[in-house]
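Trainee: The structure is given below, and queries will be raised subsequently.
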């Protein structure tokens, strides 16, 4: 296996292996939302009870993200990834066997907790192997798996219609368990930054401690700027996407199905283009500009946020589609470059922990905004105004990134 890891193409094999994990990560979590009617019918649930299934997932996912990142930094990114895939896949399969609503809630909590371990560890491992000219593109390709998983989550509805809602959870759950065995064979950590044998052990990175990690993150001003940016991004994204089908239905008199499809398809296509284009562009530009990855994020939302304002004003549906595409592309620029930027600010030692903390605060703040958006709507405040405010917040947060000081990539 050591010979396999030493191959020049192994970093790209790693991206391919983790692309499938990313695909399953989003597909498994979104399946339940596409199977609402048969699940509600079988367990006689209210809308609030069904909504709680997503809420407990988000709470457990957000709260445990920093812990998952810390374990990946302290012990092994590989082992954390394999553990995460195996446990959430078992929880997915278990969901297909539950006999009560309470058991279903517990299964969702376990799924959220175990999925929280993956993203920080996965991104950290990819950026361990990809440095400089391929780091953003590799990260972007990996993120495209998340988008595809989200976009294809709707397959759950068809599976439910043909074979029943439990079958989909069995299918993808057991596939994930088998895939965890594949990862056990092929996945490897990058050894101590590939230091040469002649380097003394005193020069090698010291073990990661929780207190040291916390002091490093809190003490780094540029990381706090990244934290501000990502929390605002989470708030804006949840405000926008959670209420987008409702906005499109009211603004353009669309049917339920057309509004739902439009709210997911066009931004996801834009994001898919964005992670690939933004990743390639940032890597190419990094040869001459150390801040290229930050600049690509800034340029993305400098274009994408005004398009969101345009969508809020326009009465032409085709123009709204174009706006959704460009806003989604800006999100793709950010996803492809955020972890590479973290590596330029924090370095490799606490990279997974740093991303986990970002994930935690963004998820918690974003989830709260779903409720706030509903409260604003109940107060007869138009969603178009909410979206304009979200776009302005994004512009402020994005431009704050210009104050981030980046170091040599590690």
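Trainee: Checking the condition assigned to a helix (DSSP H, G or I) and either more than 20 Å from the chain's Cα centre (by Cα) or on the phi > 0 side of the Ramachandran plot (or both), which residue from 57, 23, 83, 50 passes?
Mentor: Going through 57, 23, 83, 50 in turn, just one is assigned to a helix (DSSP H, G or I) and either more than 20 Å from the chain's Cα centre (by Cα) or on the phi > 0 side of the Ramachandran plot (or both): 50.
Trainee: Do the conditions hold for residue 383, that is, is it without any contact (Cβ under 8 Å) to a residue 60 or more places away in the chain, on the phi < 0 side of the Ramachandran plot and more than 18 Å from the chain's Cα centre (by Cα)?
Mentor: On the way: without any contact (Cβ under 8 Å) to a residue 60 or more places away in the chain: no; on the phi < 0 side of the Ramachandran plot: yes; more than 18 Å from the chain's Cα centre (by Cα): yes.
Considered against the rule, which asks whether it is without any contact (Cβ under 8 Å) to a residue 60 or more places away in the chain, on the phi < 0 side of the Ramachandran plot and more than 18 Å from the chain's Cα centre (by Cα), residue 383 comes out as no.
Trainee: Hey, can you tell me all the residues within segment 34-58 that are in contact with a helix residue (DSSP H, G or I) (Cβ under 7 Å, 6 or more places away or on another chain) and either more than 16 Å from residue 103 (Cα to Cα) or not assigned by TED's automatic domain parsing to the domain that holds residue 144 (or both)?
Mentor: Hits for segment 34-58 are 34, 35, 36, 38, 58.
Trainee: If you check residue 403 against the conditions, is it buried (at least 22 other Cβ atoms within 10 Å of the Cβ) and either modelled with pLDDT of 90 or more or touching a strand residue (DSSP E or B) at 6+ places or on another chain (Cβ under 8 Å) (or both)?
Mentor: Criteria not met by residue 403.
Trainee: Let me ask something else. Report, by residue number, each residue of segment 269-294 that is part of a helix (DSSP H, G or I), surrounded by fewer than 18 Cβ atoms within 10 Å (Cβ to Cβ) and either touching a strand residue (DSSP E or B) at 6+ places or on another chain (Cβ under 6 Å) or free of Cβ contacts under 8 Å to residues at least 12 places away in the same chain (or both).
Mentor: 285
Trainee: Where the second residue is surrounded by fewer than 20 Cβ atoms within 10 Å (Cβ to Cβ) and at pLDDT below 95 and the first is more than 25 Å from residue 67 (Cβ to Cβ) and lies in segment 100-112, which pairs have Cβ atoms under 6 Å and are six or more apart or on separate chains?
Mentor: Every condition considered, the pairs that remain are 101/43.
Yes or no, residue by residue, for (1) surrounded by fewer than 18 Cβ atoms within 10 Å (Cβ to Cβ); (2) free of Cβ contacts under 8 Å to residues at least 12 places away in the same chain:
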residue	(1), (2)
315	yes, no
333	no, no
342	no, no
362	no, no
379	yes, yes
390	no, no
396	yes, no
407	yes, no
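Trainee: Please verify whether residue 370 is surrounded by fewer than 22 Cβ atoms within 10 Å (Cβ to Cβ), touching a helix residue (DSSP H, G or I) at 6+ places or on another chain (Cβ under 8 Å), modelled with pLDDT under 85 and not in a loop (DSSP other than H, G, I, E, B), treating the condition exactly as stated.
Mentor: yes
Trainee: If you don't mind, another one. On the given criteria, is residue 329 outside the structural domain of residue 72 (by TED's automatic domain parsing), part of a helix (DSSP H, G or I) and over 23 Å from residue 61 (Cα atoms)? Please lay out each step first, then the result.
Mentor: Numbers: outside the structural domain of residue 72 (by TED's automatic domain parsing): yes; part of a helix (DSSP H, G or I): yes; over 23 Å from residue 61 (Cα atoms): yes.
Against the criterion (outside the structural domain of residue 72 (by TED's automatic domain parsing), part of a helix (DSSP H, G or I) and over 23 Å from residue 61 (Cα atoms)), residue 329 qualifies.
Trainee: Is it the case that some residue within segment 50-68 is under 26 Å from residue 168 (Cα atoms) and modelled with pLDDT of 95 or more?
Mentor: no
Trainee: Checking the structure you have, find out if any residue of segment 91-106 is within 17 Å of residue 18 (Cβ to Cβ) and either in contact with a helix residue (DSSP H, G or I) (Cβ under 9 Å, 6 or more places away or on another chain) or in a helix (DSSP H, G or I) (or both).
Mentor: Among the residues of segment 91-106, not one is within 17 Å of residue 18 (Cβ to Cβ) and either in contact with a helix residue (DSSP H, G or I) (Cβ under 9 Å, 6 or more places away or on another chain) or in a helix (DSSP H, G or I) (or both), which makes the answer no.
The values are calculated or read from the model by the stated rules, or taken from the named source; none is laboratory data. In this text, all values refer to a predicted model and were calculated from it rather than measured experimentally. Heads up, the Cβs are rebuilt from the backbone with ideal geometry, glycines too, and the neighbour counts pull from every protein chain shown.
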